[in-house]
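Working notes, beginning with the structure itself.
The values are calculated or read from the model by the stated rules, or taken from the named source; none is laboratory data. Computed from a predicted structure; not experimentally measured. Cβ: placed from backbone, ideal geometry, glycine included. Neighbour counts: every protein chain shown. The protein model used for the area step is the full one, side chains on, heavy atoms only, and it has no ligands, DNA or RNA in it. Shrake-Rupley method; radii C 1.70, N 1.55, O 1.52, S 1.80 Å.
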Amino acid sequence: MKSRVVSALCLALLTATAAKAADNGATGSQAFSTSRIAQTAGQYGQYIGSNVRNMDPLGGLDGNTGYKNTGTGNIGAFNSGTGNVGAFNGNDNTSSTSGNHNIGAFNGNGNTGEYDGNTNVGAFNGNFNGGSYNGNGNVGGFNGNFNGRGNH
């Protein structure tokens, strides 16, 4: 999918550059100079960025897409919290500051403190922590789980 998007954007950029050059009467190397392409790419990047910032593609679904997600900005299935991507992330936390921004599966669940089980990537990370600031920022599998009641 990613290569298709890049290919489509490159083709659109070249087409737009050629059309712009034809309007200006430029030919040959004038039409496709490196600086001209860079300038056009920069303009399209600004347009695309502006359009993305101004739209809310998930607005009709409370910011969620997928299956049985709650919270906001979750993509996948059975996610809660905020900004989780994958499945079974951010569930059964006692604080809204826990179980957020995880990518993968079974991350950031069952935490009883604050700021636990956030920003994990992989599987089975940042689960069942107590206290504050436990089980965050793990990559891989089975990391940052069952940490104690103190602050770390």
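Hey, could you check the stretch 47-78 for residues that are open to solvent by 100 Å² or more (accessible area, probe 1.4 Å) and either within 19 Å of PHE106 (Cβ to Cβ) or touching a Gly at 6+ places or on another chain (Cβ under 7 Å) (or both) and say which is modelled with the highest pLDDT?
So, considering only residues that are open to solvent by 100 Å² or more (accessible area, probe 1.4 Å) and either within 19 Å of PHE106 (Cβ to Cβ) or touching a Gly at 6+ places or on another chain (Cβ under 7 Å) (or both), the one modelled with the highest pLDDT is LYS68.
Only residues in the stretch 117-137 that are closer than 16 Å to GLY86 by Cα and open to solvent by 50 Å² or more (accessible area, probe 1.4 Å) count as the first member; pair them with residues that are in a loop (DSSP other than H, G, I, E, B) and hydrophobic (A, V, I, L, M, F, W, C), Cβ under 9 angstrom, at least 6 apart or cross-chain, and list the lot.
Filtered contacts from the stretch 117-137: PHE124/PHE106; PHE124/PHE142.
Identify the single condition in (1) at negative phi; (2) not in a loop (DSSP other than H, G, I, E, B) that ASN129 does not satisfy, given that it satisfies every other one.
So ASN129 meets the others, but not (2).
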